[in-house]
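The values are calculated or read from the model by the stated rules, or taken from the named source; none is laboratory data. What you are looking at is a predicted structure, and each value in this text was computed from that prediction instead of being measured. Positions of Cβ are backbone-derived with ideal geometry, glycine not excepted, and every protein chain shown enters the neighbour counts.
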Amino acid sequence: MGGLARVCGILREGWVMAGVLHGVVAMDGPSGTGKSTVSRRLARELGAAYLDTGAMYRAVTLACLRAGLTAESPAAEISRAALAAELHSVTDPSAPKILLAGEDVEAEIRGEAVTRAVSAVSAVPEVRDALVARQRAYIDQARAGIVVEGRDIGSVVAPDAKLKVYLTASEEVRAARRNRQDAKAGRSADAAATLADVQRRDRLDSTRKTSPLHAAADALVLDTDEMSVDAVHTELLRLVADRGMVS
Ligand code: DC
């Protein structure tokens, strides 16, 4: 089967679904839950766009660092530098990337300096307002469906999303996943330091005043501690089909 009628996956029940996603899938949750992997895979299989909003916060953080600012700089200076950043997200799930003034900064935004500073930058209300507006513009531009991943997609960015999923996993499992990811990408990976960083970012992301990390009231919570990527993917396919989002 090829062309438009692509095979999108075999559901647990054993039947084959073919089709294209319509509407917005909001994928929220802390880091290390496998959000990016399953979001990209879902978008790829259902011919949808994919937006990584964490990459947008990371890219404006990089812009702040390049402007000589730090996580401790005054919020007004952080928001000035962040708002001046010329961002472009490529929403192809097969090759997603983010451009800063035309430069591909996908690798640099995953490095330690950005990871350390991003929670502080993303806690600045003016930064959030500006990025939420851009995220909504990408959602409006998506011709068919779009899978959007982040922390506040179901609660703030796209409260009308037809499907909202909140992925969770224990701190230990998330730190181990992040470690494997870092090692694979050639970044140094110390288990204790990664766990401490996961805990630090969780604390900052869930206690900030503006849009703290939490599951939207109508989000479906999936604990992925005991779930493989395949199992989460299968569950997501079942959910989008259930909500009539595939044609
Ligand atoms: O998903 P990630 O680890 O790349 O996200 C980087 C940071 O951006 C994370 O610490 C929280 C923040 N973030 C956010 O505040 N809101 C979003 N929608 C996405 C990410």
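At-a-glance table
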read-out: Residue in the range 71-82 that is within 27 Å of Ala191 (Cβ to Cβ) and among the acidic types (Asp, Glu) present; value: no
read-out: The range 209-224, subset β-branched (Val, Ile, Thr) and in a loop (DSSP other than H, G, I, E, B), residue farthest from Val127 (Cα to Cα); value: Thr224
read-out: Test result for Ala43, away from the ligand (no atom under 16 Å from the Cβ), more than 26 Å from Gln199 (Cα to Cα) and hydrophobic (A, V, I, L, M, F, W, C); value: no
read-out: Cβ-Cβ under 6 Å pairs, at least 6 apart or on other chains, the range 195-206 side closer than 11 Å to Gly32 by Cα, far side of a type outside the set (A, V, I, L, M) and more than 11 Å from the ligand (Cβ to nearest atom); value: Val198/Glu171
read-out: Candidates Leu83, Leu51 - the one that is outside any helix (DSSP H, G or I), touching an Asp or Glu at 6+ places or on another chain (Cβ under 9 Å) and either free of Cβ contacts under 8 Å to residues at least 60 places away in the same chain or within 16 Å of the ligand (Cβ to nearest atom) (or both); value: Leu51
read-out: Given (1) within 25 Å of Arg134 (Cβ to Cβ); (2) surrounded by fewer than 13 Cβ atoms within 10 Å (Cβ to Cβ), number of the condition Gly186 does not satisfy; value: (1)
read-out: Failed criterion for Glu72 (all others in (1) under 30 Å from Asp242 (Cβ atoms); (2) outside any helix (DSSP H, G or I); (3) away from the ligand (no atom under 14 Å from the Cβ); (4) touching a residue at least 40 places away in the same chain (Cβ under 8 Å) hold); value: (1)
read-out: Condition broken by Gln181, with the remaining ones in (1) closer than 27 Å to Thr115 by Cα; (2) away from the ligand (no atom under 14 Å from the Cβ); (3) under 18 Å from the mean Cα position of the chain (by Cα) satisfied; value: (2)
read-out: Answer residue from the range 10-29, given it is outside any strand (DSSP E or B) and farther than 27 Å from Thr168 by Cα and is modelled with the lowest pLDDT among those; value: Trp15
read-out: In the range 100-159, the residues that are crowded, with 20+ Cβ neighbours inside 10 Å, outside any helix (DSSP H, G or I) and either among the β-branched types (Val, Ile, Thr) or within 13 Å of the ligand (Cβ to nearest atom) (or both); value: Val105, Ala123, Val124, Ile146, Val147, Val148, Glu149, Gly150, Arg151, Asp152, Ala158
read-out: Sole exception among (1) touching a residue at least 60 places away in the same chain (Cβ under 8 Å); (2) within 22 Å of Arg41 (Cα to Cα) for Asn179, by number; value: (1)
read-out: Test: Ser206 is of a type in the set (Gly, Ala, Ser) and outside any loop (DSSP other than H, G, I, E, B); value: yes
read-out: Test set (1) of a type in the set (S, T, N, Q); (2) surrounded by fewer than 19 Cβ atoms within 10 Å (Cβ to Cβ); (3) closer than 26 Å to Met227 by Cβ - Thr53 fails condition number; value: (2)
read-out: Residue match in the range 214-231 (condition: surrounded by 17 or more Cβ atoms within 10 Å (Cβ to Cβ), over 20 Å from Val165 (Cα atoms) and in contact (Cβ under 8 Å) with a residue 60 or more places away in the chain); value: no
